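The values are calculated or read from the model by the stated rules, or taken from the named source; none is laboratory data. Just so it is clear, the structure is predicted and the values come from calculations on it, not from any experiment. Using ideal geometry, Cβ is built from the backbone for each residue, glycine included, and neighbour counts are taken over all protein chains shown. Just so you know, the surface numbers come from the protein's heavy atoms only, side chains and all, with ligands and any DNA or RNA stripped out. Shrake-Rupley method; radii C 1.70, N 1.55, O 1.52, S 1.80 Å.
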Amino acid sequence: MLAKQRGCGQSQALALFVASDKMGGLMPRGQGSCEVCKMRNVAVIGAQWGDEGKGKVVDVLARHFGCVVRFQGGNNAGHSVQFGGRHFALHLLPSGILEGQNINLIGNGVVVDPCALVAEMTGLEQQGISISADLFKISDRAHLVMPYHRILDQFRDTSPTQRKIGTTGKGIGPTYEWKAARRGLRFCDALARSGFEQRLRIELEQAQRVYSNVSELTTLTVDDVMDQVWPAIERLQPHVIDGVSFLYELNQNKTSILFEGAQATLLDVDFGTYPYVTSSNSCAVGITAGSGVPPRCIHGVIGITKAYTTRVGEGPFPTELTGSTGDALRVRGHEYGTTTGRPRRCGWLDLVALRYACQLNGYDSLAVMKLDVLDECDQIEFCVAYEIDGKTVTQFPASLHHLQKVKPIYESLPGWKTSTNTCKTLEGLPPAAQAYVQAVESFVSCPVDLVSVGPDRSETITRENGLFRRLGVS
Ligand code: GDP
Ligand code: IMO
Ligand code: MG
């Protein structure tokens with residue numbers, strides 16, 4: 001038995017239910033949830049530049065799924081989860097691990113720093129979270145982040161002769177470069193010490209020849225690297241499985257799968273603000289390549305956006321507020337990175353970018369997070385078009401050259417000037433807050449089925465008959 005079959009379809013009420021469609025109308029019976037609506041496997045994908053609150057949404061959904069899968073990125077991610085006065089920060093482990101009963105898989109598309117993963121597991125175990133080999137698995141095809149990748153990442157991002165991206169310094173970019181160059185080391189290469197050491201020697205020597213100017217790299221020895229990584233790899237070996245067969249079996253058994261995106265659409269290596277992006281496909285296109293499930297096994301995609309925008313690191317950010325309003329958002333939203341502690345750049349919601357994310361990911365539903373951070377604003381602005389070289393542009397541009405010239409065109413709505421933390425229903429939100437949420441959904445043509453009004457699991461509002469309710473969230 002692979003995993004207990006769980007998910008939306010188990011609710012008796014839901015099975016009989018005539019579910020609402022995307023825009024709130026009625027759909028015929030048979031398109032509701034789980035076996036009924038065929039939305040058994042669902043993905044959570046960031047719509048902005050990361051840190052939207054994906055961890056919180058995965059936590060809210062996880063108990064309704066049999067398995068949670070990370071499919072890209074590495075420990076550049078930082079997903080915070082809060083419930084019952086407890087706080088957790090996940091970097092490599094899928095956020096479903098906190099739920100304690102579902103299976104959690106690191107897919108082949110994730111790049112794994114073995115030492116960072118073992119440290120994260122140890123920290124969570126100390127917080128009382130069980131991480132047995134039954135509950136946590138790693139694909140044998142996942143690539144390993146090695147110490148030389150980390151060294152190179154940090155060297156490049158601080159070198160005066162190279163473009164500064166403002167990376168997390170975790171070695172993510174170089175590991176994906178190695179993967180594409182067919183020089184990477186994977187978990188399946190690390191089953192026996194001697195074979196792994198042999199491969200490592202070849203790769204390290206080549207790296208030292210190519211990057212002979214990086215002294216920290218040239219002085220590294222195979223023994224140093226083995227001493228650092230081998231104990232961690234050995235510790236992880238019981239968790240390593242064939243991820244493709246595993247997910248195939250889950251799908252055969254109709255066990256529901258939740259795909260947990262890291263980073264976000266505008267950091268995607270193909271569709272983000274290139275070259276100021278991460279090195280993986282962090283929008284929905286990355287799910288199949290990073291997990292090994294066929295495209296037809298992804299039944300729904302949920303987009304996560306803040307009620308405003310943040311970005312950490314360098315790169316274009318059309319609606320960035322560099323003055324006191326941006327500072328106020330940072331303070332109210334505690335906008336400091338979960339992974340690096342860096343202050344996040346803050347600005348108004350960019351609906352041009354959000355509509356691009358909706359179109360690209362095919363979102364079935366949106367979650368609007370951190371609405372409470374706007375509680376004290378007199379007026380709330382949101383960007384509805386760009387002005388570039390005197391022309392009005394409504395599509396998100398590909399080129400950095402254009403993105404750097406964008407002047408945002410704003411509309412605004414009055415603020416609500418009252419606390420939303422204790423609101424439990426959409427109708428219970430102040431009318432001005434409801435108007436803001438409605439403006440967002442009508443601009444991007446996607447229903448907002450979850451509104452988050454605080455970091456805690458309990459500070460979450462779901463729309464009656466919306467996708468979250470149909471997936472079993474009460
Ligand atoms: P992720 O990377 O997308 O999972 O997001 P992070 O966890 O890096 O950043 C989101 C931050 O906002 C975390 O500190 C969350 O605890 C917090 N958060 C999530 N939802 C809300 C909300 O509705 N209101 C407030 N005030 N904080 C929230
Ligand atoms: P989560 O999953 C926000 C940013 C970095 C940098 C760029 C490239 O928590 O939303 P990298 O280390 O990936 O090569 O850095 O991407 N970045 C993130 N920003 N949230 C993240 O993850 C991020 N992961 C990477 O700041 O600008
Ligand atoms: Mg984060």
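State whether one or more residues within the range 141-158 are open to solvent by 40 Å² or more (accessible area, probe 1.4 Å) and within 16 Å of ligand 1 (Cβ to nearest atom). No, the range 141-158 has no match at all. Scanning the range 312-333 for residues that are touching a residue at least 12 places away in the same chain (Cβ under 8 Å) and either within 21 Å of residue 398 (Cα to Cα) or within 13 Å of ligand 1 (Cβ to nearest atom) (or both) yields a total of 13.
Here residue 113 meets each of (1) crowded, with 22+ Cβ neighbours inside 10 Å; (2) more than 28 Å from residue 146 (Cβ to Cβ); (3) acidic (Asp, Glu) with one exception, condition (2). Residues that are open to solvent by less than 20 Å² (accessible area, probe 1.4 Å) and more than 12 Å from the chain's Cα centre (by Cα) were ranked within the range 280-296; the one that is nearest to ligand 1 (Cβ to nearest atom) is 290.
Restricting attention to the range 243-279 and to residues that are under 22 Å from residue 113 (Cβ atoms) and among the charged types (D, E, K, R), the residue that is surrounded by the most Cβ atoms within 10 Å (Cβ to Cβ) turns out to be 260. Selection over the range 51-77 of residues that are open to solvent by less than 10 Å² (accessible area, probe 1.4 Å), over 18 Å from residue 268 (Cβ atoms) and within 7 Å of ligand 1 (Cβ to nearest atom) gives a count of 1.
Examine the range 452-474 for a residue that is over 24 Å from residue 39 (Cα atoms), outside any loop (DSSP other than H, G, I, E, B) and not acidic (Asp, Glu), and state whether such a residue exists. No; the residues of the range 452-474 include none that is over 24 Å from residue 39 (Cα atoms), outside any loop (DSSP other than H, G, I, E, B) and not acidic (Asp, Glu). Picking from residues in the range 327-338 that are open to solvent by 40 Å² or more (accessible area, probe 1.4 Å) and within 14 Å of ligand 3 (Cβ to nearest atom), the one that is modelled with the lowest pLDDT is 338.
Regarding residue 228, is this residue surrounded by fewer than 16 Cβ atoms within 10 Å (Cβ to Cβ), part of a helix (DSSP H, G or I) and more than 30 Å from the chain's Cα centre (by Cα)? It is false that residue 228 is surrounded by fewer than 16 Cβ atoms within 10 Å (Cβ to Cβ), part of a helix (DSSP H, G or I) and more than 30 Å from the chain's Cα centre (by Cα). Residues that are outside any loop (DSSP other than H, G, I, E, B) and open to solvent by 20 Å² or more (accessible area, probe 1.4 Å) within the range 418-451 comprise 431, 432, 434, 435, 438, 439, 441, 442, 443, listed in sequence order.
Somewhere in the range 339-356, is a residue hydrophobic (A, V, I, L, M, F, W, C), within 16 Å of ligand 3 (Cβ to nearest atom), crowded, with 21+ Cβ neighbours inside 10 Å and under 22 Å from residue 385 (Cβ atoms)? Taking every residue of the range 339-356 in turn, at least one turns out to be hydrophobic (A, V, I, L, M, F, W, C), within 16 Å of ligand 3 (Cβ to nearest atom), crowded, with 21+ Cβ neighbours inside 10 Å and under 22 Å from residue 385 (Cβ atoms). Residue check: residue 339 meets all listed conditions (1) away from ligand 2 (no atom under 16 Å from the Cβ); (2) more than 21 Å from residue 450 (Cα to Cα); (3) not small (Gly, Ala, Ser) but one, namely (1).
For the range 195-205, the criterion of a residue being open to solvent by 30 Å² or more (accessible area, probe 1.4 Å), among the β-branched types (Val, Ile, Thr) and part of a loop (DSSP other than H, G, I, E, B) is satisfied by no position.
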